[in-house]
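One structure is given below, encoded as structure tokens.
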Amino acid sequence: MREKMRTIHTVCRPKRVFVVWSRWSLCYAACLCLVLTLVQAEDDCPGSCVCAKESGTVTCRDGEDFGDLPVDLPEWTSNFIVQGKNISTLRRVVFMDNATELEITTLCLSYNGIQTIEPHAFLGLSRLHLLDLSHNRLESISAWAFFGLPQLRSLYLNYSVLPEAVTQLSSALTLQTLANLHRLDLAGNKLKSIPLEEFDHLNLHVLVLVNNSFENIVRENVSGLYQQRHIRVYLALNPFRCNCDLEAFYYWLKNSSQCPDVGRLVCSEPENRRGALVERLSAEDVDCNLENLEAVSYVFLGLVLALIGVVFLMVLYLNRGGIKRWLNNIREACRDQMEIYHYRYEQDSDPRLANVAV
């Protein structure tokens, strides 16, 4: 019996050793794969950038200038941040150079000195939700600059658009691929008019126009805002000219709640209304009919005075003979009176005549 048990133990022992060895091999292989994956992920991070796979973020700040955007991004990249680099041009299809399709949802390119955006510059970022191009120096924006961004929700262009690029921006924002754009930030660009001819092709919910050069919002834009009641427009820190031309904008502020910062809108001109809140102006201050009526009144008064002057001159002309005789009579009467005064003066001045008089 003992021999039999010993034989069984001898037979089963190699199998147990094999099972243990197999388990250790599997654990070792799993650890090795994990290490290789981490090393590979670390190797995929572009030079001079910091990668955080947990949050899917690749951050490239300051340091060495790229001259162009790095395209060898890890596949897991969802947030790509580039700041403080010297990138003068966003060249066309720059994000298509990557070997695999990028899953980026947030792209921040602020403070890079970008001057030009070429056509289809963001092609390949079909999942992009937020694009931040703030604090650049955009001089040229292609009409197809934002093509291929069907999921874009937020576009930040604050303190970036130079005057020569405003018209080009207006063309770029008419693309049908921006139909899902919810927030458009154009603060600090010295704009004098909204670079949107219409609002219905965009699904805007927030339009930021703070700290620009708006003196008025034209009637066409006001009509568009009336039709898109869901839009919230921020307009503080603009130099509004509070005169008759402000009428349509004034009544829009009064009749809607689409301007959350209406309490910060102040007049810069004319002088007698400087610093006054736009919402606290009276209807008479922006009433074009009243202003026109005053102008008509002054014109009518001038015409009446001119007519009176003409009548007076006509009366003088028609009575010129009588007036001439009347003037001659007055002149003769004055002459006789002056002769009497002269005679009396000579008599009083001669002492001999004075004694005779006594």
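Residues being part of a loop (DSSP other than H, G, I, E, B) and either of a type in the set (S, T, N, Q) or crowded, with 18+ Cβ neighbours inside 10 Å (or both): count how many of those fall in the stretch 154-163.
4
Is it fair to say Q151 is assigned by TED's automatic domain parsing to the domain that holds Y251, more than 17 Å from W252 (Cα to Cα) and in a loop (DSSP other than H, G, I, E, B)?
On the way: assigned by TED's automatic domain parsing to the domain that holds Y251: yes; more than 17 Å from W252 (Cα to Cα): yes; in a loop (DSSP other than H, G, I, E, B): yes.
Answer is yes for this residue.
If you take the residues in the stretch 182-197 that are over 11 Å from N212 (Cβ atoms) and at pLDDT below 95, which one is surrounded by the most Cβ atoms within 10 Å (Cβ to Cβ)?
That would be L196.
Give L73, L130, L90 a once-over and let me know the one that is surrounded by 18 or more Cβ atoms within 10 Å (Cβ to Cβ) and under 23 Å from K53 (Cα atoms).
Residue meeting the stated conditions: L73.
The values are calculated or read from the model by the stated rules, or taken from the named source; none is laboratory data. On a predicted model such as this, the values are computed, not experimentally measured, just so you know. When we count neighbours, we look across all protein chains shown, and the Cβ atoms used for this are built from the backbone with ideal geometry, even at glycine.
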